[in-house]
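Data first, discussion second: the structure below is written as structure tokens.
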Amino acid sequence: MNTTPATIGFLYPGHAAEDDYPRMGALVNPPAQVHLIHTHFQKDAHTVEALSEMGSVARLEEGAHALAGAPIESVLWTSTSASFVLGLDGIRQQIDTLEKLLCVPASTTAMAFARAVTAIDARRVAIAATYPEDVARLFRDFLGHFDIEVVHLASRGIVTAAEVGRLDKTAVIELAVANNHAHADTLLIPDTALHSAAWLPELEQAIGKPVLTANQVSVWEALRLCGKLRKQTGLGTLFETQP
């Protein structure tokens, strides 16, 4: 296994919980160098229309050009919702765009969730979404393409990423506890605007099962893509699972 430090890139829309990425980069072993570019959008809103514009090829191309030249080994489009709302074809187009422009393996947070659920051998999941209900349902539908059974779906109904980014540790743990379903193998919290990196062990301890968060799975996926994912503690069950 390659044990040299990774250099990984992230395209992150706007400003909310982007500090999770350098935090997790510092926590992984060995520490990863994180290059993060803020991408632009017309409107901060968890609506299909706004998210589709946010995740459009034009926006990703703009971000990729800003990241070009950085010595990255993989790249992630780190918006779960501005990926899955476009469907599998839209996600494939996002990945293809990034790989062609940056010449490194690419993925999206939505795809990272699907792979992470498989990696921890989960079959049934609960979802604690910050999104409005219509957007949350699209995430459930996306997971269905990978034969992931959703036994519980909750939506907090928050419209903007800015508001999500202001939720503190207590609120995030309460969100997890309130949506811990008895028949779920794991809990998914899918918004990259939500802070979680500093509280991953506490989230899992609070509900007694694995928790997958958006920023966690994004960093995991970036490391996996460049072949530098290592088993380690302190970042949740996902990182404790043998790559």
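The values are calculated or read from the model by the stated rules, or taken from the named source; none is laboratory data. Since we're looking at a predicted model, the values are computed, not measured. Methodologically, a virtual Cβ is constructed for each residue, glycine included, from the backbone with ideal geometry; neighbour enumeration extends over all protein chains shown. These area figures cover heavy atoms from the full protein model, side chains too; ligands, DNA and RNA do not enter into them. Shrake-Rupley method; radii C 1.70, N 1.55, O 1.52, S 1.80 Å.
Listed values, structure above:
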{"read-out": "Segment 14-23 - phi-based ³J(HN,Hα) in whole Hz, Karplus 6.51/-1.76/1.60, Gly and Pro as x", "value": "x, 9, 7, 10, 5, 5, 4, 6, x, 4"}
{"read-out": "Exposure of Asp121 as accessible area (Å², to 10), given a probe of 1.4 Å and all protein chains", "value": "100"}
{"read-out": "HN-Hα J in Hz across segment 172-184 - Karplus 6.51, -1.76, 1.60, θ = phi - 60°, x for Gly and Pro", "value": "5, 5, 4, 4, 5, 4, 5, 10, 7, 8, 4, 8, 8"}
{"read-out": "Pair Ala154, Ser52: separation of 7 Å Cα→Cβ label points (nm)", "value": "3.0"}
{"read-out": "Added length on full extension, which subtracts the Cα-Cα distance from 0.36 nm per residue, Thr233 to Asn29", "value": "72.5 nm"}
{"read-out": "Nearest-0.05 FRET efficiency for Arg92 and Gln242, computed from C-beta distance (R0 30 Å)", "value": "0.60"}
{"read-out": "Label selected from [x] 20; [y] 13; [z] 29, the criterion being percent of Cα pairs over 31 Å apart as computed here", "value": "[y]"}
{"read-out": "Over the chain: helical MRE at 222 nm, DSSP H runs n ≥ 4 each giving -39500 (n - 2.57), nearest 500", "value": "-12500 deg cm²/dmol"}
{"read-out": "Within-11-Å neighbourhood charge of Ala193 [Cβ basis; K, R +1; D, E -1]", "value": "-4"}
{"read-out": "Ranking by accessible area, most exposed first, for Asp168, Asp20 with a 1.4 Å probe", "value": "Asp168, Asp20"}
{"read-out": "Heavy atoms of Arg140 accessible to a 1.4 Å probe, total area in Å² rounded to 10", "value": "90"}
{"read-out": "Order by protection proxy (mean Cβ within 10 Å, highest first), peptides 155-163, 192-200, 209-217", "value": "209-217, 192-200, 155-163"}
